[in-house]
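Quick notes on the structure that follows.
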Amino acid sequence: MSSTQTEITPVQQALALLTPPSLDGLTDDQASGFTCVWDSSEKPLAEDQAVDLGRQHLRGCPEHVAREAYEALFRHCMEDCEDCGRTEEQVKDGVVQENSCEVGVTLRRLVIRKGRL
């Protein structure tokens with residue numbers, strides 16, 4: 001890897017799989033990260049509740065991030081990821097290994113923890 005390239009983490013990859021609405025339809029508050037990108041009628045996002053989506057200044061509330069992560073998890077595991085989609089078990093040193101990748105694990109965490117990592 002060259003010094004100009006940076007490694008993308010599983011968290012960044014997972015957040016990139018979430019599908020925010022088109023930037024064209026966002027209010028100024030949504031586009032600036034003041035309110036949830038999926039719901040302009042929500043109250044302003046508190047710093048301890050906002051989930052930074054890693055693009056421009058977009059942020060989401062835990063409820064909407066969890067919902068979007070669920071949709072992304074389904075697409076990722078059922079359609080896109082060969083590792084997550086494997087049905088056979090792998091056994092290593094007598095222990096059954098989970099059939100998933102770090103991106104799938106991160107998406108599951110977003111779902112289970114209601115949008116929090």
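The values are calculated or read from the model by the stated rules, or taken from the named source; none is laboratory data. Keep in mind that this is a model prediction, so the values were computed, not measured. Ideal geometry is used to build each Cβ from the backbone, glycine not excepted, and the neighbour counts take in all protein chains shown. Areas reflect the complete protein model, heavy atoms only, side chains present, ligands, DNA and RNA absent. Shrake-Rupley method; radii C 1.70, N 1.55, O 1.52, S 1.80 Å.
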Return the sequence-ordered ³J(HN,Hα) values of segment 102-117 in whole Hz as given by the Karplus equation 6.51 cos²θ - 1.76 cosθ + 1.60 applied to θ = phi - 60°, using x for Gly and Pro.
5, 5, x, 4, 5, 4, 4, 4, 4, 5, 5, 8, 6, x, 9, 8
Could you work out how far apart the two model spin labels at GLU102 and GLU7 are, taking each label as a point 7 Å from the Cα in the direction of the beta carbon, and quote it in nm?
0.6 nm
With r as the distance between the Cβ atoms of ALA16 and SER41 and R0 = 30 Å, compute the FRET efficiency 1/(1 + (r/R0)^6) and round to 0.05.
0.70
Could you sort CYS36, CYS81 by accessible area so the largest value comes first, with the probe set to 1.4 Å?
CYS81, CYS36
Just to verify a number: FRET efficiency for SER32 and GLU63, C-beta to C-beta distance, R0 = 22 Å, to 0.05?
0.65
Quick one: Karplus J couplings for segment 24-41, per residue in order, coefficients 6.51, -1.76, 1.60, θ = phi - 60°, nearest Hz, x for Gly and Pro?
4, x, 7, 6, 4, 5, 5, 5, 8, x, 6, 10, 4, 5, 8, 8, 6, 8
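Is the C-alpha gyration tensor of segment 1-87 telling us rounded, prolate or oblate? Criteria: a/c under 1.5 is rounded; beyond that, a/b larger than b/c is prolate, otherwise oblate.
Oblate is the answer for segment 1-87, as a/c is 1.5 or above yet b/c matches or exceeds a/b.
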Rounded to the nearest 10 Å², what accessible area does THR35 show when all protein chains are kept and the probe is 1.4 Å?
10 Å²
Restrict the search to segment 1-63; then list the GluC sites (Glu not before Pro) that DSSP places in a loop and that have at most 10 other Cβ atoms within 10 Å of their Cβ.
GLU7, GLU47
Residue-by-residue Karplus 3J(HN,Hα) for segment 48-54, coefficients 6.51, -1.76, 1.60, Hz, glycine and proline x:
7, 10, 5, 10, 6, 7, x
